[in-house]
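As structure tokens, the structure follows; a few thoughts come after it.
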Amino acid sequence: MDEPLAMVLDAGPGREAGPGWQAEPVAHVEPLSDEQLNQQISDTLPELIKHFHDLGQRVAIEFGLNGSDAIALVKLDAPMTMKELGQRMGCDPSFVTTIADSLEKHGMARREPSLRDRRSKNIVLTPEGEAVRDRLFREFMTRAPWCTALDTGDRRCLLGLMRKMLRSRGGR
């Protein structure tokens, strides 16, 4: 009988995690206990999140942006209020003012009155902002670990698992 295999994402000894990551099958002599499995997940998830964050920062810098401006560009798929953008970005609407100022300064966005609430302003991408957003998103996706290490079936599985965990919000 064949030994059970697990796919391990490994940068290799002495190498920094990044584009060189490879998924490699590793035979386990004994299956991991629930406690060992949970520990490995707890150790690996923050590493993956840090890799994702660092990648986003590097791509943003290559486009002459800071990370927050790049995130805002990607989230601005339609005109929205600063409050809505803050909710999508997970930050305070007052911080979005700084982001809007920066995007306006770079000619990537403008503010215009909201049709739903005259007291609010919408942030709207300019044609230049839309073009930069599209290029930024494409560049990020060419390097994102789920795009470089996983096939379509694996990505569908990953998305389903992430959504399942988010739905549970910390309980069994």
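Descriptive notes on the structure:
- Filter pass, residue 85 being in contact with a Lys or Arg (Cβ under 7 Å, 6 or more places away or on another chain) and of a type outside the set (Gly, Ala, Ser): yes
- Selection status of residue 110, at pLDDT 95 or above and either of a type in the set (S, T, N, Q) or closer than 16 Å to residue 71 by Cα (or both): no
- For residue 138, the conditions (1) in a helix (DSSP H, G or I); (2) of a type outside the set (A, V, I, L, M, F, W, C); (3) more than 21 Å from residue 59 (Cβ to Cβ) all hold with the exception of (3).
- Scoring residue 107 on the criteria (1) over 30 Å from residue 47 (Cα atoms); (2) free of Cβ contacts under 8 Å to residues at least 12 places away in the same chain; (3) in contact with an Asp or Glu (Cβ under 7 Å, 6 or more places away or on another chain) leaves a single failure, condition (2).
- Residue selected from region 36-62 under the condition among the hydrophobic types (A, V, I, L, M, F, W, C), touching a residue at least 24 places away in the same chain (Cβ under 8 Å) and surrounded by fewer than 16 Cβ atoms within 10 Å (Cβ to Cβ), by the criterion farthest from residue 130 (Cα to Cα): 48
- Filtered by the rule that a residue be farther than 30 Å from residue 97 by Cβ, in contact (Cβ under 8 Å) with a residue 24 or more places away in the chain and hydroxyl-bearing (Ser, Thr, Tyr), region 114-172 gives a lone residue, 148.
- Residues of region 63-97 that are polar (S, T, N, Q) and in contact (Cβ under 8 Å) with a residue 12 or more places away in the chain: 66, 68, 81, 97.
The values are calculated or read from the model by the stated rules, or taken from the named source; none is laboratory data. All values derive from a computational prediction rather than experimental measurement. Every residue, glycine as well, gets a Cβ built from its backbone with ideal geometry; the counts of neighbours run over all protein chains shown.
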